[in-house]
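Right, one structure below, let's go through it.
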Amino acid sequence: MIPSQVYKEGVEKGKEKGHEDAYQIEKYIANGNICVENPNKKLINRIEDMFHIDAGERDTIALAVEHNLPVICDDRKGRNACKVLQLNYLTALNILSILYSKKRISKKVAIESLDKLKKYGWYKLELIEYIMDKIK
């Protein structure tokens, strides 16, 4: 489940920029694996007042609170909001590490994905190197 704000940021703007993951997300939405939902406005406002985070993270956290779901978030402020609200959360690095350890992705795919996160993500190099060492 993603909020419409994340759809706009990830799919619409992503396609404008030619990001391949935007098309993959759109495909998951089309076949029903991901649904797009709008969170409760009062909850959005409350989270905005409490944390002053970007709209995508704000709406994602609002949906998570509303539906009692974990959050996937790489944004530091968003993760901190999750901690305060006692929401479970994962980052892209967590997911990548889990997928590899459960043999859902190959070593090659894991390393390629880490290289992309290194190039396009906002992670500290030490974190990426730590996961890379675990994979190798």
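Quick notes on this structure:
- Residue 42 under 30 Å from residue 133 (Cβ atoms), at pLDDT 95 or above and over 15 Å from the mean Cα position of the chain (by Cα): no
Per-residue answers, yes or no, for (1) of a type outside the set (Gly, Ala, Ser); (2) in contact with an Asp or Glu (Cβ under 7 Å, 6 or more places away or on another chain); (3) within 16 Å of residue 136 (Cα to Cα):
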residue: 86; (1), (2), (3): yes, no, no
residue: 96; (1), (2), (3): yes, no, yes
residue: 102; (1), (2), (3): yes, no, yes
residue: 107; (1), (2), (3): yes, no, yes
residue: 110; (1), (2), (3): no, no, yes
residue: 113; (1), (2), (3): no, no, yes
residue: 116; (1), (2), (3): yes, no, no
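- Here region 103-126 is the region considered, the condition is being among the hydrophobic types (A, V, I, L, M, F, W, C) and surrounded by 11 or more Cβ atoms within 10 Å (Cβ to Cβ), and the residue that is nearest to residue 57 (Cα to Cα) is 117.
- Filter result (under 15 Å from residue 85 (Cβ atoms) and outside any helix (DSSP H, G or I)) within region 35-62: 39, 40, 52, 53
- Scanning region 40-68 for residues that are surrounded by 12 or more Cβ atoms within 10 Å (Cβ to Cβ), of a type outside the set (A, V, I, L, M) and within 30 Å of residue 124 (Cβ to Cβ) yields a total of 8.
- Residue within region 122-133 that is over 22 Å from residue 21 (Cα atoms) and modelled with pLDDT of 95 or more present: no
- In region 24-34, the residues that are outside any loop (DSSP other than H, G, I, E, B) and within 16 Å of the chain's Cα centre (by Cα): 24, 25, 26, 28, 29
- Each residue in region 24-39 was checked for being within 24 Å of residue 120 (Cα to Cα), touching a residue at least 12 places away in the same chain (Cβ under 8 Å) and not β-branched (Val, Ile, Thr), and 1 of them qualify.
- Lone qualifier among 25, 61 - being among the hydrophobic types (A, V, I, L, M, F, W, C) and closer than 18 Å to residue 75 by Cα: 61
- Condition check for residue 84 on (1) under 30 Å from residue 110 (Cβ atoms); (2) touching a Phe, Trp or Tyr at 6+ places or on another chain (Cβ under 8 Å); (3) surrounded by fewer than 20 Cβ atoms within 10 Å (Cβ to Cβ); (4) modelled with pLDDT of 95 or more: one failure, at (1).
- Residue 71 meets the conditions (1) modelled with pLDDT of 95 or more; (2) surrounded by fewer than 17 Cβ atoms within 10 Å (Cβ to Cβ); (3) under 26 Å from residue 20 (Cβ atoms) in every case but one. The failed one is (2).
- Residue identified as of a type outside the set (A, V, I, L, M, F, W, C), surrounded by 12 or more Cβ atoms within 10 Å (Cβ to Cβ), over 30 Å from residue 129 (Cβ atoms) and modelled with pLDDT of 95 or more among 28, 100, 89: 28
The values are calculated or read from the model by the stated rules, or taken from the named source; none is laboratory data. Small disclaimer: the values here were computed from a predicted structure and weren't measured. Please note: Cβ atoms are built from the backbone with ideal geometry, for glycine as well, and neighbour counts cover all protein chains shown.
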